[in-house]
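The values are calculated or read from the model by the stated rules, or taken from the named source; none is laboratory data. All figures in this text were calculated on a predicted structure; none of them were measured in a lab. Backbone-built Cβ (ideal geometry, glycine too); neighbour counts: all protein chains shown.
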């Protein structure tokens, strides 16, 4: 008998392992997709939220067979090849040698999985709609439609305000957006770094002073969503949140027109709309500024132009 | 010899003894009790020095903990016979006393009529809160004029020196000195500044003999919970973007409204 020959009494371990692994993996994935998958956050409120949930589910479904393979083999080995009391000491024999086929198969399988995930992840970073992440001032993904609602999210210690340039540039504490309309969030800050996180929309973008960080999404469900700051930004960072609302397009038009009218007195006092603003010395002359920021600049300054004397 | 030995010579002697001690070499016996580390201080002196250093470290830790974890006192307000709560505050350009005499600050008048250096209040839930703020500081343009409008108050209005007020143009006149804002409740009231050329009050508590504006407004307290409130004018002079110091410290320009 050669080293590689299997004794007639020896069960076919390989096929047993494959069969167990296959059954357990399929059952686990099906159960996950049926019971857990639909509830994975951030949910289905927007295109980007659905995309994030889909990505998570794909990764989990692919990870389960790998996990099951390790666990099944471990349990099988413990049960089948354990050292029995009084029996012979386990020793390396023919089966302890390397198996070229298994080695090649293992390396190829893991390589394919990793390369697929790298490609999938890269693709999903761009689709759909830039995955809801901040893409900077010049986004890689841009919507094909010309009907995009521009909403500016402005972070300041410690609250979010929102400007609607399509409606006279009014600025409000309320975030209201229409269903089935692509929204471009222009995220910026008036002081330190904040992070605009519209959780149920699957939108998350850093708010940097003097920067325009663009994130897209298309709301798919009516209702409310939570907006939080996700960058530790000072004393009341934990209280820097509010809620937004997705309404029908007609309700949005009505709300925007009403709000524009109600805030008109203050809107005319705001600086002209710009995609970013340079925090200046306004406010008790408070501030030391980075070298590359002119606190007395009259360009895109969020406040009144100041004289050189401050 | 001992009396004429210089400090540097003593230091070198100590270093030599220290080096020999940690390299296993024999330690020179003290020649005269005054040139080695052991003889530099008497046993009582060493004990005293150790005790003093220990107490300094403990005191430092206590001060750090108190400053980091401690918070100003809570002023408890109850509803009056009409079922309303009256809160009186003042804003000053400089608190005037330790630990931060130059910091801008809010003060709260307690029910006994005494000014307290605190920004933490306790009020009953679902009650009309009538706020009066004596504003003693100078003003400037707002970083964000959005907080120049009154929001969240009953009627969406405040009064300044008896006149109704909906919005303040912070880019004209004396500008806005501070705001009273509870962002989670949508409440915001800008406080008009005094002229910077006036003889402003320099230390708290200020009295109405100093230039001031009286701003009044009302709002309904929400359900039980803790609601942070703050000023939205970056009035931390000398701090990055004006947002440090008093802007980040409860008891100065930030506080809690505890609703029970």
Report the residue count in the range B:169-180 for those that are in a loop (DSSP other than H, G, I, E, B) and more than 9 Å from every other protein chain (Cβ to nearest Cβ).
2
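Among B:200, B:191, which is more than 10 Å from every other protein chain (Cβ to nearest Cβ) and not in a loop (DSSP other than H, G, I, E, B)?
Being more than 10 Å from every other protein chain (Cβ to nearest Cβ) and not in a loop (DSSP other than H, G, I, E, B) holds for just one of B:200, B:191, which is B:191.
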So residue A:169 clears everything in (1) assigned by TED's automatic domain parsing to the domain that holds residue A:208; (2) surrounded by 19 or more Cβ atoms within 10 Å (Cβ to Cβ); (3) touching a helix residue (DSSP H, G or I) at 6+ places or on another chain (Cβ under 8 Å); (4) in contact (Cβ under 8 Å) with a residue 24 or more places away in the chain except one condition, right? Which one?
(2)
Tally up the residues in the range A:232-242 that are buried (at least 19 other Cβ atoms within 10 Å of the Cβ) and more than 9 Å from chain B (Cβ to nearest Cβ), please.
1
When you scan the range A:195-240, how many residues do you find that are closer than 22 Å to residue A:277 by Cβ, in contact (Cβ under 8 Å) with a residue 24 or more places away in the chain and out of contact with any helix residue (DSSP H, G or I) (no Cβ under 7 Å at 6 or more places or on another chain)?
20
Unmet criterion (only one of (1) closer than 20 Å to residue B:233 by Cβ; (2) at pLDDT 95 or above) for residue A:258:
(1)
Residue B:118 - would you say it is away from chain A (no Cβ under 13 Å) and under 24 Å from residue A:259 (Cα atoms)?
no
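Here's the yes/no breakdown for (1) more than 25 Å from residue A:237 (Cα to Cα); (2) exposed (fewer than 12 other Cβ atoms within 10 Å of the Cβ); (3) at pLDDT 90 or above; (4) in contact with a helix residue (DSSP H, G or I) (Cβ under 9 Å, 6 or more places away or on another chain):
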{"position": "A:120", "(1), (2), (3), (4)": "yes, no, yes, yes"}
{"position": "A:125", "(1), (2), (3), (4)": "yes, no, no, yes"}
{"position": "A:146", "(1), (2), (3), (4)": "yes, yes, no, no"}
{"position": "A:165", "(1), (2), (3), (4)": "yes, no, yes, no"}
{"position": "A:177", "(1), (2), (3), (4)": "no, no, yes, yes"}
Of those in the range B:125-168 that are part of a strand (DSSP E or B) and facing chain A (nearest Cβ under 9 Å), the residue modelled with the lowest pLDDT is B:140
What's the number of the condition residue B:186 fails, among (1) at the interface with chain A (Cβ under 9 Å from one of its Cβ atoms); (2) touching a helix residue (DSSP H, G or I) at 6+ places or on another chain (Cβ under 9 Å)?
(2)
